[in-house]
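Trainee: Let me begin by handing over the structure; questions about it come next.
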């Protein structure tokens with residue numbers, strides 16, 4: 001069987017992390033319904049600071065609600081993020097720290113995992129994140145040195161206060177298969193994919209895999225495929241002048257009417273209405 005790997009994360013030049021500061025209220029203005037990031041995984045450590053918002057984080061089959069605090073996703077964990085509620089000044093500081101960077105400075109990184117519940121007071125970590133975001137916003141030719149120093153400080157703080165030995169969790173065959181299937185979907189989502197084809201590619205029982213996928217991801221295979229296609233089509237609606245039909249077909253929706261109905265059902269606006277609202281705000 002062909003082997004599939006974790007999702008890759010693109011890092012800025014000279015900075016071993018993806019750092020994103022999001023004003024969530026700006027996004028919510030154009031999404032009448034909840035903001036949703038489909039199930040995915042990567043080797044990197046993902047820790048985000050959420051302010052003035054309530055987030056639902058699903059890691060595997062574990063659900064957590066986070067409000068004005070940090071979300072934490074360890075290396076290799078399948079996760080989904082959605083926004084439950086937010087205030088006008090809501091924001092998130094997302095940091096995805098390179099696995100190779102962590103391994104370089106702490107070779108035993110594979111033996112531990114991070115658990116932010118080990119200490120309830122996260123104020124010191126919050127201050128580091130605020131400083132990191134400010135450095136990232138105000139970059140010049142030498143800022144990467146300060147940013148990398150700040151990332152090392154954050155990593156040291158996490159290791160000192162929030163690291164614990166990795167649990168010896170028994171993973172089933174299907175958990176590994178599902179992670180590889182998610183990566184396969186993300187690489188081939190715009191092609192004609194069926195549950196039967198996926199079962200054949202990964203040499204698993206169609207019926208049993210279907211049950212396991214739903215249990216682990218929280219959606220059926222068909223529902224997840226449609227939601228991921230919709231998630232990817234969104235970028236083109238916002239950033240391009242391509243026709244709605246072209247975008248639909250490009251992202252795997254060969255029935256344009258179904259695409260429009262799903263978009264409307266999910267976001268409360270048709271793709272064209274959504275695009276017009278975006279342009280009015282610019």
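What follows is calculated from the coordinates using simple rules that are stated; it is not laboratory data. What you see is a predicted model, and the numbers here were worked out from it, not measured in a lab. Cβ atoms come from the backbone with ideal geometry, glycine included; neighbour counts cover every protein chain shown.
Trainee: Over what distance in Å are the Cα centres of the stretch 115-157 and the stretch 193-220 separated?
Mentor: 40
Trainee: Now for a separate question. Pull out a ≥ b ≥ c, the square roots of the eigenvalues of the alpha-carbon gyration tensor of the stretch 17-165, then state rounded if a/c is under 1.5, prolate if not and a/b is larger than b/c, and oblate in the remaining case.
Mentor: Details: a/c = 1.72, a/b = 1.22, b/c = 1.42.
Verdict is oblate for the stretch 17-165.
Trainee: How are the Cα pair distances of the stretch 138-198 distributed, in percent, across 10 Å bins from 0?
Mentor: 16, 22, 18, 29, 16, 0
Trainee: Something else: Any idea what % of Cα-Cα pairs in the stretch 110-159 are farther than 17 Å?
Mentor: Values: 506 of 1225 pairs.
Across the stretch 110-159, Cα pairs with separations above 17 Å total 41 percent.
Trainee: Here's something else I'd like to know. Taking Rh as the Kirkwood radius, which is the inverse of the mean 1/r over Cα pairs, what is the Rg/Rh value for the stretch 173-281? Walk me through the numbers before you get to the answer.
Mentor: Working: Rg = 15.6 Å, Rh = 14.9 Å.
On the Cα set of the stretch 173-281, Rg over Rh gives 1.04.
Trainee: Based on the Cα coordinates of the chain, what is the per residue volume of their convex hull in Å³? Mind dumping the intermediate values first?
Mentor: Details: hull volume 41.8 nm³, N = 282.
Here the figure is 148 Å³ per residue.
Trainee: For 221, 259, which order do you get if you count the other beta carbons within 10 Å of each Cβ and list the fewest first?
Mentor: Details: 221 20, 259 24.
With the fewest neighbours first, 221, 259 line up as 221, 259.
Trainee: How large is the helix-only mean residue ellipticity at 222 nm for the chain, computed as the sum of -39500 (n - 2.57) over DSSP H runs with n ≥ 4, divided by its residue count, in deg cm²/dmol to the nearest 500? Show your work: numbers first, answer last.
Mentor: Working: 11 runs with 131 residues, N = 282.
Theoretical 222 nm ellipticity from helices: -14500 deg cm²/dmol.
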